[in-house]
Structure formats: structure tokens, C-alpha cells
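K.L.:
Sharing a structure, written as C-alpha cells. Questions coming.
The values are calculated or read from the model by the stated rules, or taken from the named source; none is laboratory data. Note that the structure is predicted; figures quoted are calculated from it, not measured. Neighbour counts are summed over all protein chains in view; Cβ atoms, including those assigned to glycine, are modelled from backbone coordinates with ideal geometry. Keep in mind that these areas ignore ligands, DNA and RNA; they rest on the heavy atoms of the full protein, side chains included. Shrake-Rupley method; radii C 1.70, N 1.55, O 1.52, S 1.80 Å.
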Amino acid sequence: MHAILAVLLAALLTIPSFALGDEVMVDTVVAEGTSTSQVAQTEGASQPADEAQTTDDPQAADVTQAPDATRADGATEPTEVVVQDAGEQGESDQVVTVQSQEDAATADALKTQANTDELAASANGVTTTPSIRYTAHVQREGWKDEVADGAIGGTTGKSLRVEAIKIRLANVDAQSGGIEYSMHVQRKGWMDWVRDGELGGTSGKSLRVESFRLRLYGELAEQYDVWYRVHVQGIGWMAWASNGETSGTSGSSLRIEAFQMRLAPKGQTPADLESSDVPFAFAENYNRSGLSVTAHVQRKGWLKAVGSGQTAGTTGQSLRVEALKMSLSNYSQGITYRAHVQREGWQSWRSDGEVAGTLGKGRRIEAFQVQLYGDAADAYDIYYRVHVQGIGWMAWAKNGQTAGSLGLGLRIESLQVRLVHKGSSANLPGGDYKGKAVDATTKKPSNMSIKLIPELAHGYKSPFYQRCIVMHDTTENRGFDYWIQNWIDRGGSGTQFMINEQGEIRQYVDMNQICWHVGGATYGYLDAQFNVVQHKAGAGSAMNQCSIGIEIDHVEDGRPYPKAQLDAIDRLVDYIDRYYGFHATILQHKDYKLDNSDCSDEFQGYLRHLQRYRTTR
């Protein structure tokens, strides 16, 4: 059997290359820097029209091709095609060598030999390992030689953009799967997924590739992981990504200049991955400060570092952030931060990559603050926000403000930090909660006392739902004790706070507990975002979960409200604002419930001022 196979293989070697036609598949790889006279340009001659050198592109100039020249020995000299590049200003003309027929025949012979070698290996029972092979279309240089398995595709040190990429797998059965990839391209965003050697990116449009994603499909995806990283303008080599993760940048107008790709057995991180210049694989709205944020998460340990605007930590997994560290790679000093930790409170400030929080103690970070200093503070503002247990994404804090919660025992689950150039628009995404922080430890008004009445508390009220402060008045001046007993006797209706005419504030229910103080609505209701919509009928019970009630103990007989009582209202509203970290909508009871009389006519002027200026006068 082996003798027969040997004869067949010998016969294949004698077949002229032109007899094999265009269907011969080649898996040979030419290392970057090798002369293209034998392989690369021959392949270019048979490329589809959309991959040719911008000859059909409206931005490109006319192509002028000289006729073949004949050498003295009778051989044909390679000709040159000069293409005016439509790229960035200052770029030189592009020169592409078109191979002679003699060179093309040599290349075809190499292709035939490569396939013959693979057939021989297969016939002899040699098992081959899958190989990932790729080539880049580079500004002014066109299609580069195909390289493989961790070699560099593209260029470094030349400031040239990658405009398109082709990727394929070798030594695999087509039935077992392949590779697919999607490019994020200048002015186009994410493009459709392509696969198995198809063009990803653009040709003839002078547009940079800014980031990409790779993933295997079919049985191969169950057997192997694909690893890749990019070399980006102004950043250098970014960290390795894998299996569909994004590698590169977006919103930063930075070009990919080079890349590497590798395959590895499923679940095994290659031990010999090259080190990178930054610890993150992707950055959105990247700035040259090189911001890096790393979170240590319950049961997961240290996660991958992320860049400006990216999420450090997890969401939807109910896991606490236990420690964090931040640094600016382009500043030896410049960022400082501190964490508020379960059972410890505020720790001292840490700086430039030091660990804030705790390790090995199982304690949650509940809040943190971040500031810049030195040259970094002159160049940037720093914004940050947190995803908090039971609340979600909170509003963005800035330049040393507190983000998170204090005194509520709620864990931070993830965080985002973003640097913005001084004087630039931040363009920050919205969150789930209006406040930067919830602070149950905020200083209480000096004339406020707490006497919690269990009969008036009706379940947990998450800060997430807080929307309104609802003002009530008693119409009869009866004093604290009378009204408490009256509320209990009526089944537990009441408010979190009451203020008497002497300006004393009494708290009866914790602000994280529901009070029954609104009742059914005939005038307003809450929309899907729990915002108040007036002049429509709807169910009013949800308002109790979304508001704080303040009862003013005052006789409705035309007398003015005492100054001490009005001052106490101002102080209490300020306290509630500081507690929740934002200004809730201020209503009176009859704004929400048409058949109710409070607040009194005498209070209407004070109410309007309070709604507009957060003070009664």
C-alpha cells in the first residue's frame, strides 16, 4: 500500500503547476520580512476585485502600469504599478510589485509542493495541530505576507493603520468548524461577522480598524480557545483577549497597527503569552493617561484590569468587590483613592497602584472616593460610579466625591472610572439611580430626635425607588404623642417625620422602611420609571414605596407658620437630600390625592419656594 501511495505522490510532483488550476489551496506561510517575489504577489494577482489595490475606489488616483521589460538573458523583469494612496496627508505613493510569469510559475510549484507534503503526512498517519493564519492590509503597503500562530501581523514602528484582515485555520477538517471575526472600523462601527479567510474591514477606503473580536465555531470551539492582542497607536501592545472579547479601542480614533493570534487547548491559558504595555485588552474613550482599574471580587480574586470607562467587577452575580487598585501608566504619580470597608469605615488614602480595601477577610467595599493630583489633575477630571446591591448603577461622582453607600450595609458589585480632559464634555451614560451616593451616616439636624415606632413600618424601602418628598399637615395642633397614638389606632398609617411648631423634628420610621402616608391616588400616578405623572388616574399605593412623608403639626386657622417650624422644614429637606444624594421631587399630599386637603392654603407660598429653591423662603 505504501509503495502504491509513493508512486502516486511521485506522479503528482511531475504535474505542471498550470495543470492544477486555481483551486489549489496553499497553507504555506511566509514570515514577515521574507521577499514577496515568490508567493505573496502571485496570490495578489488572483484576488477578488474588492481586494485589489484601490483601482476601483473613487478616492484613488488613476493607475499607470508600465509594460513588462525584457532582460538581456531573455527573462521578464517584474513591472511596477504606482498607486496614489488616498490616505492621510503626507503619505507617499504606494509601490506594488507585480510578478512575472516565471515567478508566478515558481509560486504555483511551491503551492503544489505544500499540498503534496500535507497529503503525504496524512497518508503516513501524522496528526497535525490546528494553525491560525492571518494577513493584514496595511496603509501604503497593501496586503502583507500571511503569518501564523503568534507571529506579528501588520507593522510596528511605522505609524501605519491596519485597514483589513483575513483569518483562516489550517490543518483542520472543514466539517469540524472554523473561525469568524468582526471589525470595528472608523466611521462605520461594528461590521458584520465574516469567517474563514473572508475580508474583515474595508478595502480601498483608507479607514482604520480600531478593534476586533474573534471566536471559533463548531466542534473546534469546544476543543480550542483563540487568543489575540493588538498594537494600538499611542498605547502599544494591549493585553491578550480571547473567545469573542473585544481587543482594541472605541471612541478614541486610534488605529490598530499590528496584532497577534494564537490557538490553545480549551481552558488552558498559554504559558508563553508575551507581556503587554497596558494591563487591559480594550478601552473606550481612551486617553493618553493610561488609566488602569483592577477589582478583587468575592470568589473570583483579581479580575483583568480595565481602562477608562470600562467595568471593573461583575453585575448580576451578587458578588462583592473586596479590593481595588488604580494607576496611570503615563504618570509616575497622579491618582489617589480610598475605600469605605465593612466594619472598618474609611481607610487611609492609597495611590498609584496600591491596594485599597482588604484581601482574605471577606469584607465588602461599600463606597470609595478618587482624586487626581500633580500633572494628571491639571490635565483631567476624573469621574466614577458604582453598581450597588439592590440599587444598580448610581450617578457619576467626580473629583473626590463619595460614590456608593454608607451606613446601609450594601456591597459595591462593580465600578467604572473615566478620565475626561479639562474643559471637555464628559458624555457620561445614565444610571439606575439619581444620586452619586446614599449616606445614612450624614449629619442629622441638631433638633431631630429618633423614636422608631414598629407599628408604622411596613417593609423594606430600597433607595433605588426614592423619588419624592410628600408634605402633609395635621390641621390640628395636638402634639407628637397624640398623633402617634392616632396613627397606630388607625391601622399604622403615618409618616417618617413630624415637625411641631417649636421646630422639633421627630423621626418615627427609618428612611429605608415604607410608611403608609399617601393612600390611593385619584389625581396622579407613577410611570414605569417610578416618576410622578399628574392629571391622570392610577393606583397610588406605589408612592408609599417611592417617597418620604413629612407631617407638619399646625392649626389650619389662617395663622402663619412659625419661623422655627419653617427653619426645621428646610433643615430636614436638606438632610433627606444629603442622605439620598440627589434632590427628590417635592409634592404636597393633595398634588397626588385630589380628595385630600393638605397642605393648607397658608403653606402654598412656602411650598412653591421649597420646590424651586429647597428652602421655604
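K.L.:
I'd like to check something: does region 389-398 contain any residue that is out of contact with any Leu (no Cβ under 9 Å at 6 or more places or on another chain), over 30 Å from residue 545 (Cα atoms) and open to solvent by 20 Å² or more (accessible area, probe 1.4 Å)?
P.N.:
no
K.L.:
Within region 329-353, take every residue that is in a loop (DSSP other than H, G, I, E, B) and among the aromatic types (Phe, Trp, Tyr) and give me the one that is surrounded by the most Cβ atoms within 10 Å (Cβ to Cβ).
P.N.:
331
K.L.:
Which one is surrounded by the most Cβ atoms within 10 Å (Cβ to Cβ), of the residues in region 255-279 that are small (Gly, Ala, Ser) and under 15 Å from residue 152 (Cα atoms)?
P.N.:
Ranking the candidates gives 258 first.
K.L.:
If you scan region 454-511, which residues turn out to be β-branched (Val, Ile, Thr) and closer than 14 Å to residue 548 by Cβ? Working first, answer last.
P.N.:
Here is the first cut: in region 454-511, the residues β-branched (Val, Ile, Thr) are 469-470, 474-475, 484, 488, 495, 499, 505, 509.
Passing the criteria: 469, 470, 495, 499, 505, 509.
K.L.:
On to the next question. May I ask you to list the residues in region 454-483 that are without any contact (Cβ under 8 Å) to a residue 40 or more places away in the chain and surrounded by 13 or more Cβ atoms within 10 Å (Cβ to Cβ)?
P.N.:
455, 482 - these are the residues of region 454-483 that are without any contact (Cβ under 8 Å) to a residue 40 or more places away in the chain and surrounded by 13 or more Cβ atoms within 10 Å (Cβ to Cβ).
K.L.:
Within region 201-208, can one find any residue that is under 23 Å from the mean Cα position of the chain (by Cα), under 30 Å from residue 291 (Cα atoms) and not small (Gly, Ala, Ser)?
P.N.:
Yes: one or more hits.
K.L.:
Please enumerate the residues belonging to region 151-162 that are modelled with pLDDT of 95 or more and open to solvent by 10 Å² or more (accessible area, probe 1.4 Å).
P.N.:
151, 152
K.L.:
Now a separate question. So for region 362-370 (the condition being of a type in the set (A, V, I, L, M) and not in a strand (DSSP E or B)), does at least one residue qualify? Quick ask: steps written out before the conclusion?
P.N.:
First pass over region 362-370, keeping only residues of a type in the set (A, V, I, L, M): 365, 367, 370.
From what's left, not in a strand (DSSP E or B): none.
Within region 362-370 (the criterion being of a type in the set (A, V, I, L, M) and not in a strand (DSSP E or B)), the answer is no, since none of the residues qualifies.
K.L.:
Name the residue that is nearest to the chain's Cα centre (by Cα), counting only residues in region 238-254 that are of a type outside the set (Gly, Ala, Ser) and crowded, with 23+ Cβ neighbours inside 10 Å. Lay out the reasoning, then the answer.
P.N.:
First pass over region 238-254, keeping only residues of a type outside the set (Gly, Ala, Ser): 238, 240, 243, 245-246, 249, 254.
Keeping just the survivors that are crowded, with 23+ Cβ neighbours inside 10 Å gives 238, 249.
On the way: 238: 16, 249: 11 Å.
Result: 249.
K.L.:
For residue 403, state whether it is touching a residue at least 40 places away in the same chain (Cβ under 8 Å) and either under 15 Å from residue 335 (Cβ atoms) or open to solvent by less than 20 Å² (accessible area, probe 1.4 Å) (or both). Steps first, answer last, please.
P.N.:
Values: touching a residue at least 40 places away in the same chain (Cβ under 8 Å): no; either under 15 Å from residue 335 (Cβ atoms) or open to solvent by less than 20 Å² (accessible area, probe 1.4 Å) (or both): yes.
Answer is no for this residue.
K.L.:
Another question, then. Just one of 187, 195 is more than 22 Å from residue 311 (Cα to Cα) and at pLDDT 95 or above; which is it?
P.N.:
Step by step, each of 187, 195 is checked, and only 195 is more than 22 Å from residue 311 (Cα to Cα) and at pLDDT 95 or above.
K.L.:
Scan region 307-328 for residues that are open to solvent by 10 Å² or more (accessible area, probe 1.4 Å) and hydroxyl-bearing (Ser, Thr, Tyr) and jot them down.
P.N.:
311, 314, 315, 318, 327
K.L.:
Search region 139-189 for residues being charged (D, E, K, R) and outside any loop (DSSP other than H, G, I, E, B), and hand back the single one that is nearest to the chain's Cα centre (by Cα).
P.N.:
Selected residue: 180.
K.L.:
Hey, another quick one. Test of understanding: among 204, 234, which residue is modelled with pLDDT under 95 and open to solvent by less than 30 Å² (accessible area, probe 1.4 Å)?
P.N.:
Criteria check complete, one pass: 204.
K.L.:
Considering (1) touching a residue at least 60 places away in the same chain (Cβ under 8 Å); (2) within 26 Å of residue 420 (Cβ to Cβ), say which one residue 359 fails and leave the rest.
P.N.:
Of the numbered conditions (1) touching a residue at least 60 places away in the same chain (Cβ under 8 Å); (2) within 26 Å of residue 420 (Cβ to Cβ), the odd one out for residue 359 is (2).
K.L.:
Here is a list of conditions, (1) among the aromatic types (Phe, Trp, Tyr); (2) under 30 Å from residue 498 (Cα atoms); (3) in contact with a Leu (Cβ under 9 Å, 6 or more places away or on another chain), and residue 380 meets all of them except one; can you say which number that is?
P.N.:
(2)
K.L.:
Yes or no: residue 559 open to solvent by 10 Å² or more (accessible area, probe 1.4 Å), at pLDDT below 85, at negative phi and not acidic (Asp, Glu)?
P.N.:
yes
K.L.:
Would you point out the residue of region 419-453, among those that are of a type in the set (Val, Ile, Thr) and not in a loop (DSSP other than H, G, I, E, B), that is most open to solvent (accessible area, probe 1.4 Å)?
P.N.:
Across region 419-453, the extreme among qualifying residues is 450.
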